[in-house]
Amino acid sequence: MEMNLRKNKIHLLSFQNRKIKELYESAFPKIERLPYSMLMRYSLKKEIDMWGYYDGGRFIGFAYMMILGSYAYLLYFATKKEIRSKGYGTAIVKDLIKTYSDKNMVLDIEPVIPDAENAQQRTRRRDFYLNLGFHDTYWEMTDETGDYRIYTTDPQHFDIAEFRKFFDLFPESFDGTETVYKG
């Protein structure tokens, strides 16, 4: 199957807004989601890039990026359930790495804990990003929704103090978030 991957910048008035909102709400647990209206409002800021991804004319996924200094933070990323494990996620993340090639790309995911209820999913997700060139920083973020391990494309230049500046872009979301080194 040949992909015809393309992306469009999404904002408050984008015609694909409804499809992205549906995917966002189905892909992330409610406790991990910011209100969609807040994401849309923030998408008007210069530090935010929200991308809708398409194969030909078919919507397949989205990415919500925060850009600050030398960092590009992948805050939310999802593909439609029916196209998962078909190479689209890999293609999208590779496109994001290329798009932000002048940045240290960062993301956070649930840490791998062998006895966690979703241990297999956590392991697959971690391996997915490791295979795409991300590295474990050994830093974790902790908030009321849980613990999240931080990964980066450039571990030599990862600075937790610089990364924490993202928290100021979404003060309502990151309020009370702690960072802890687990190395």
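Scanning the range 99-115 for residues that are exposed (fewer than 14 other Cβ atoms within 10 Å of the Cβ) and not acidic (Asp, Glu) gives 101, 113, 114. Pairs linking a residue in the range 65-89 that is more than 10 Å from residue 106 (Cα to Cα) to a residue that is of a type in the set (Gly, Ala, Ser), with Cβ atoms under 6 Å and 6 or more positions apart or on different chains, are 77/63; 78/27; 78/61; 79/61; 79/89.
Put simply, of 130, 107, 169 the only residue that is within 17 Å of the chain's Cα centre (by Cα), at pLDDT below 95 and either farther than 26 Å from residue 84 by Cβ or not polar (S, T, N, Q) (or both) is 169.
Among all positions in the range 116-128, there is no residue which is free of Cβ contacts under 8 Å to residues at least 40 places away in the same chain, part of a strand (DSSP E or B) and exposed (fewer than 13 other Cβ atoms within 10 Å of the Cβ).
Residue count for the range 136-160 satisfying the condition of being out of contact with any Pro (no Cβ under 8 Å at 6 or more places or on another chain), aromatic (Phe, Trp, Tyr) and within 17 Å of residue 112 (Cβ to Cβ): 3.
Residues in the range 7-66 that are part of a strand (DSSP E or B) and loosely packed, with under 12 Cβ neighbours inside 10 Å were compared, and the one that is nearest to the chain's Cα centre (by Cα) is 9.
Restricted to the range 165-177, and to residues there that are in contact (Cβ under 8 Å) with a residue 24 or more places away in the chain and of a type outside the set (D, E, K, R), the residue that is farthest from residue 69 (Cα to Cα) is 176. For the range 79-98, check the following and say yes or no: at least one residue is crowded, with 19+ Cβ neighbours inside 10 Å, touching a helix residue (DSSP H, G or I) at 6+ places or on another chain (Cβ under 8 Å) and closer than 18 Å to residue 165 by Cα. No, every residue in the range 79-98 fails to be crowded, with 19+ Cβ neighbours inside 10 Å, touching a helix residue (DSSP H, G or I) at 6+ places or on another chain (Cβ under 8 Å) and closer than 18 Å to residue 165 by Cα. Here residue 136 meets each of (1) under 29 Å from residue 2 (Cα atoms); (2) modelled with pLDDT of 95 or more; (3) touching a strand residue (DSSP E or B) at 6+ places or on another chain (Cβ under 9 Å) with one exception, condition (1). Output the residues belonging to the range 67-78 that are in a strand (DSSP E or B) and within 18 Å of residue 167 (Cβ to Cβ). Listed by number, the residues that qualify are 67, 68, 71, 72, 73, 74, 75, 76. The single condition from (1) touching a residue at least 60 places away in the same chain (Cβ under 8 Å); (2) part of a strand (DSSP E or B) that residue 137 fails is (1). Being in a loop (DSSP other than H, G, I, E, B), under 30 Å from residue 44 (Cβ atoms) and not polar (S, T, N, Q) is a property that does not hold for residue 108.
Does the range 146-164 contain any residue that is out of contact with any strand residue (DSSP E or B) (no Cβ under 7 Å at 6 or more places or on another chain) and either within 17 Å of residue 75 (Cα to Cα) or touching a residue at least 40 places away in the same chain (Cβ under 8 Å) (or both)? The answer is yes; a qualifying residue exists.
The values are calculated or read from the model by the stated rules, or taken from the named source; none is laboratory data. Fair warning: this is a prediction, and the values are worked out from it, not measured in the lab. All Cβ positions, even for glycine, are placed from backbone atoms using ideal geometry, and neighbour counts span all protein chains on display.
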